[in-house]
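*Asks:* Quick one: the structure is below, and I'll ask about it shortly.
The values are calculated or read from the model by the stated rules, or taken from the named source; none is laboratory data. Since the structure is predicted, the reported quantities are computational estimates derived from the model, not experimental observations. Glycine gets a Cβ as well: all are built from the backbone with ideal geometry, and neighbour counts include every protein chain shown. The protein model used for the area step is the full one, side chains on, heavy atoms only, and it has no ligands, DNA or RNA in it. Shrake-Rupley method; radii C 1.70, N 1.55, O 1.52, S 1.80 Å.
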Amino acid sequence: MDTASRPKTLDEIKQDVLRRAEKHLSPFNHVRLEDAERAVATLTSLDRDQWAEAWCRVGLPYEAKGDELARRGAPRAQTAEAYYNGFELCRMGRYPCASTPGKQQAYRHSMRIFRKASRHFPVPVEVVELPFGRGQLVGYLQVPAAAARPPVVMHWGGVDGWKEDRQRASGMMHALGIATLTVDMPGTGESPLRYPDPDAERGFSTFLDHLSQRPDVDGSRIGVWGGSFGGYWAARLAHVEAKRLRAAVFQGGSVHYGLQEKWLRPAFSTGASGYLFGPASMFEARSQAMGVATLEELLKIAPTLSLLDRGLLDGPCAPLLCVNGKLDDMAPVDDIYLLLEHGAPKAARIYPKGGHMGRTPGMPEDEITKLITDWLALRLGTPQKPPMHADERR
């Protein structure tokens, strides 16, 4: 794909990795600086498989450490931390998407280590597997013990943040007495679907069916939250599943304007300023989610997803919170204004100096997440914050 902007050099990417890791900025929120330094020190090119190998080389010893701690019966938090460090590093190996053999292997490593870590989390993880067509849907359900039949939020990220990557947001909701189900949106992770698939929407509805039938969560109090490119699905579900949802959060996504060629063509050439590898990498991840190989194919399919053109925006809508930064160059803030101009009244928080997802220079990384989780707790009717278990104070 031709780009009007100069691609980042290897040295520039190395410097950016270390800058982000030092400040715990996305996507290095949980990566230790010393581990990032060890990984980038071995990089000699921008080859995707070399990138994957470099991060896994640092990450896999943490898995071995976790195995040893688990064998000795070490404290859960210590064991979970070792495994989680290994997961995060292998996750960076597949970032932003598992597009090559080496990155696919890194993704398999990350999933395996995450599931080992999850056995030691303060809130246990249940792997939910639901038959769907010729494949299956997979999600991670966590129900905090302190809450009896709590409400539940199903949430997911964008093209580069998958279900294993949502633990920090889940933990903040657990502390508020909310159960969580993290899933992969179409075109990411273990999802058997792609964005344009006719059954893509039904995948989410199948999870809602499952939650409504469980005895350990309150299926009458369900919320959804989609981030980045996944925000689209939260807005879509807020309309098509209006009767079953108590709340929905649309963060940093697109519903119409961000799906048009007028926006997408420059976004894939000179936009995506916050993306680690630049706009070409964002195209790689989004095209994989869409199931296309070329920009022209994507530009043809993306507009067909418009919620405005599908006639949904003036129909019923669950309570919807719209969040983004005014300066986002990956998803236009105009799509929030469009949602506000149609149908039932909605809530919105637009950060005037914020970029993608609302992230604003100098703002604590969890500030927006807290705003969203507090809003969800209010809409879902949770009780006062339950006592925190000792293992959760970390």
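*Asks:* Give the residues of the stretch 28-68 that are of a type in the set (A, V, I, L, M) and in contact with an Asp or Glu (Cβ under 9 Å, 6 or more places away or on another chain), sorted by residue number. Explain how you work it out, then say what you get.
*Replies:* Of the residues in the stretch 28-68, the ones of a type in the set (A, V, I, L, M) are 31, 33, 36, 39-41, 43, 46, 52, 54, 58, 60, 64.
Once the filter is applied, which keeps residues that are of a type in the set (A, V, I, L, M) and in contact with an Asp or Glu (Cβ under 9 Å, 6 or more places away or on another chain), the stretch 28-68 yields VAL31, LEU33, ALA36, VAL58.
*Asks:* Something else about it: Limited to the stretch 72-84, what total is found for residues that are open to solvent by 20 Å² or more (accessible area, probe 1.4 Å), at negative phi and not aliphatic (A, V, I, L, M)?
*Replies:* Here the count works out to 6.
*Asks:* Also, quick follow-up: For ALA318, indicate whether it is surrounded by fewer than 18 Cβ atoms within 10 Å (Cβ to Cβ), out of contact with any Gly (no Cβ under 6 Å at 6 or more places or on another chain) and under 21 Å from ALA238 (Cα atoms).
*Replies:* No: the conditions fail for ALA318.
*Asks:* If only one of VAL224, VAL217 is more than 28 Å from GLN105 (Cβ to Cβ), assigned to a loop (DSSP other than H, G, I, E, B) and open to solvent by less than 10 Å² (accessible area, probe 1.4 Å), which one is it?
*Replies:* Going through VAL224, VAL217 in turn, the sole match is VAL217.
*Asks:* Here's a follow-up. Go through the stretch 86-105 and give me each residue that's assigned to a helix (DSSP H, G or I), surrounded by fewer than 23 Cβ atoms within 10 Å (Cβ to Cβ) and either of a type in the set (A, V, I, L, M) or touching a residue at least 24 places away in the same chain (Cβ under 8 Å) (or both).
*Replies:* Matches in the stretch 86-105: PRO101, GLY102, LYS103, GLN105.
*Asks:* Which numbered condition in (1) modelled with pLDDT under 95; (2) hydroxyl-bearing (Ser, Thr, Tyr); (3) not in a helix (DSSP H, G or I) is the only one that SER281 fails?
*Replies:* So SER281 meets the others, but not (3).
*Asks:* Restricting to the stretch 265-304, and then to whatever is farther than 19 Å from GLY227 by Cβ and of a type in the set (A, V, I, L, M), can you tell me which residue is most open to solvent (accessible area, probe 1.4 Å)?
*Replies:* ALA293
*Asks:* Find all pairs meeting these conditions: Cβ atoms under 6 angstrom apart; at least six residues apart or on different chains; first residue within the stretch 233-254 and part of a loop (DSSP other than H, G, I, E, B); second residue open to solvent by 10 Å² or more (accessible area, probe 1.4 Å) and aliphatic (A, V, I, L, M).
*Replies:* Final answer for the pair search is GLY252/MET357.
*Asks:* Scan the stretch 33-44 for residues that are closer than 30 Å to ILE368 by Cβ, touching a helix residue (DSSP H, G or I) at 6+ places or on another chain (Cβ under 7 Å) and open to solvent by 40 Å² or more (accessible area, probe 1.4 Å) and report the count.
*Replies:* Residues flagged as closer than 30 Å to ILE368 by Cβ, touching a helix residue (DSSP H, G or I) at 6+ places or on another chain (Cβ under 7 Å) and open to solvent by 40 Å² or more (accessible area, probe 1.4 Å) within the stretch 33-44 amount to 2.
*Asks:* Just a yes or no: is a residue in the stretch 278-292 in contact with a helix residue (DSSP H, G or I) (Cβ under 7 Å, 6 or more places away or on another chain), of a type in the set (Val, Ile, Thr) and touching a residue at least 24 places away in the same chain (Cβ under 8 Å)?
*Replies:* Within the stretch 278-292, none of the residues are in contact with a helix residue (DSSP H, G or I) (Cβ under 7 Å, 6 or more places away or on another chain), of a type in the set (Val, Ile, Thr) and touching a residue at least 24 places away in the same chain (Cβ under 8 Å).
*Asks:* Filter the stretch 45-64 for residues that are in contact (Cβ under 8 Å) with a residue 24 or more places away in the chain and surrounded by fewer than 21 Cβ atoms within 10 Å (Cβ to Cβ); which is nearest to LEU276 (Cα to Cα)?
*Replies:* So the residue we want is LEU46.
*Asks:* Looking only at the stretch 344-355, how many residues end up being open to solvent by 30 Å² or more (accessible area, probe 1.4 Å) and either of a type in the set (Lys, Arg) or touching a residue at least 40 places away in the same chain (Cβ under 8 Å) (or both)?
*Replies:* So the count comes out to 3.
*Asks:* Sort out which residues of the stretch 123-172 are small (Gly, Ala, Ser), open to solvent by 10 Å² or more (accessible area, probe 1.4 Å) and in a strand (DSSP E or B), and write them in order of number.
*Replies:* GLY135, the sole residue that qualifies.
Residue-by-condition table, conditions (1) assigned to a loop (DSSP other than H, G, I, E, B); (2) open to solvent by 20 Å² or more (accessible area, probe 1.4 Å); (3) of a type in the set (Val, Ile, Thr):
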position	(1), (2), (3)
ARG310	yes, yes, no
LEU327	yes, yes, no
TYR337	no, yes, no
ILE372	no, no, yes
